[in-house]
Amino acid sequence: MKNNKIDRHKDDINKEACVHEPAQHRAEHSHRLFTHHHSHGEGSSIDYQAYHSKIRGWNPTFKFLFTCIALILCIGLDNPYVSVTTIVAMGFVSIVLGGVSFHDYLSTMMLPITFILLGTLMIGIDFSLTPKGEYNFHFGFFYIITSKSRLLHMGAIILKVFGAISTMITLTLSTPATEIVGVLRKLKVPKLIIELMNMIYRYIFVMMDTYRQMKESAESRLGFVDYKTSLHTFAGIASNIFVVTLKRSGDYYNALESRCYEGELLFLEEEKPIKAVQAGFAVLYVVVVLALWWAT
Amino acid sequence: MKYLKYNKKLIAFMAFVVTMAITPVAGAMHIMEGYLPLSHSVAWFVVCIPFLVMGYRSIKGKVDENRRNISMIAIAGAFVFVLSSLKIPSVTGSCSHMTGTGLGAILFGPAAMSILGIIVLIFQAILLAHGGLTTLGANTFSMGIAGPFVAYAVYKALSKSNKKVAVFLAAFIGDLFTYIVTSLQLAIAHPASSGGFATSAVKFLGIFAPTQVPLAIIEGILTVLIFVALETYAEAEMKSLGFASGGMK
């Protein structure tokens, strides 16, 4: 039992440790701190996957817009055949073209599984005092009722949600956050928001790194020995990472200013032309989906 | 006899549901990608716009006043993200997270929280696959606007009497309100076939209550602890942070 607990803690540390790498070291290929880990629950490796994707070279604006179109089609057409096509096509893009392992892809898809199960269960069933449904399950004084059409409807929603999720994670597993922010900049999102996003993204890694160190040292001093202590330790660490980062806020700004920062962070953006094959794939996808919707 | 056997299956099924229910999982209350019809996605975005404009003005004012403030505002945003992605201590070993929005509203003011909220939600979708792009408007409304505004109102109303109680209730009620708004958003999108919106709302509120109510209590306790620590160790910084229309003074 005790061992079990310790193991679990170790696991947490591992999990947290590989969440993020400090932003200062963020270069194209320096992900050594980022020991890859098969996450179960926190999706921490999405950023890692994005930097290592084989389709990272695709034009990010193209990927972003294609994702939006695919999302609108999947949700707007609301058709089980379209949903299944989306799941298959996006799986193909991520796994075969992008090089994400099947296991990683699936575990990213399954992150919101609790929400989906609870949420759709509520759509599929009804409560009643009398057995008036097509299928009735008796529970003491009330019945849970449902019908074939409700269950089919529930299935269709689950497929649609998974279609939408697979579309979204296909974008995020192949496009680093900085590139997505770059796309937003091109789409004329206000400069102040873009600046904030770029800075927040970097501070997240600074804070995560500080958190990891503090957590490890608290752990070694029995900071998580029981629940009450854990709460105190957690709150201590959480407030501390904030205070420590805040106190260095001026330094960060000085560092920026010494590099001639004047209210706009500009990053070197590689030119990534859209290839004819990619555009062809996108058009083919839209045509197939629309044809499927029309035919069913 | 047959009845008994049948019942056993049901009990197993219920046990499964209950176990799932008492296991609050990361971002359980973000509406996932694909859950809302397109019309709802757009509508919730539109609802958010006035608040976002207000937040933008508040942040812009602070940055125009002194350009260096942008660094601090960004740290505030990163803090809300980090707070919501840390696994909080839990008795059952499950994976639960704070929302951090109550604390954010108390520290930075509710107007600024709308902008910080939407940015944090975008990063949660990109980096953690919580929430989504089409559901961004709805999630921003519940987590970045409704929750923070209620939390802030509660805090302001009570902070004169007992600060700790005020902070606890602000975070607790802000959290609960976020969960109620999310349930209502789901209910509007998926009304029950018999009884419509109201029945559906009760169902969504009911199924998420076992995860969200305990979580709100823990969030309240942690927010008080963090707040006290911040007040003790960083009073000066805190004062300079009360940037939005109000915020901690």
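Quick note: the coordinates plus some simple rules give every number you see, no bench work behind them. Values in this document were obtained by computation on a predicted structure and should not be read as measured data. Cβ placement follows ideal geometry from the backbone for every residue including glycine, while neighbour counts extend to all protein chains displayed.
Points worth noting:
- Fewest-first ranking of A:HIS153, A:HIS138, B:HIS130, B:HIS97, using other Cβ atoms within 10 Å as the exposure measure: A:HIS138, A:HIS153, B:HIS97, B:HIS130
- Dipole magnitude of the range A:2-295 about its Cα centre (Cβ charges: Lys, Arg +1; Asp, Glu -1), debye to nearest 20: 260
- At R0 = 35 Å, FRET efficiency that the Cβ-Cβ distance of B:LYS160 and A:GLU257 yields, to 0.05: 0.30
- Pairs from B:LYS163/B:LYS239; B:LYS156/B:LYS203; B:LYS163/B:LYS203; A:LYS63/A:LYS191; A:LYS63/A:LYS148 whose Cα-Cα separation, in the structure shown, is over 27 Å: B:LYS156/B:LYS203; B:LYS163/B:LYS203; A:LYS63/A:LYS148
- Max mean-square fluctuation residue, GNM over chain A, Cα-Cα springs under 10 Å, options A:PHE92, A:PHE62, A:PHE127: A:PHE127
- Relative contact order of chain A, pairs being alpha-carbon contacts under 8 Å that are 6 or more residues apart, as %: 25
- If you look at the Cα atoms of chain A, you get an Rg and a Dmax of 23.5, 74 Å.
- Three-way shape label, the range A:162-296, alpha-carbon gyration tensor, a/c 1.5: oblate
- Cα gyration tensor category, rounded, prolate or oblate, for the range B:51-179 with a/c compared to 1.5: oblate
- As a length-normalised measure over Cα pairs under 8 Å and 6 or more apart, the relative contact order of the range B:32-240 settles at 21 percent.
- Taking Cα centre as origin and charging only the Cβ of basic (Lys, Arg, +1) and acidic (Asp, Glu, -1) residues, the dipole magnitude of the range B:32-240 rounds to 300 debye.
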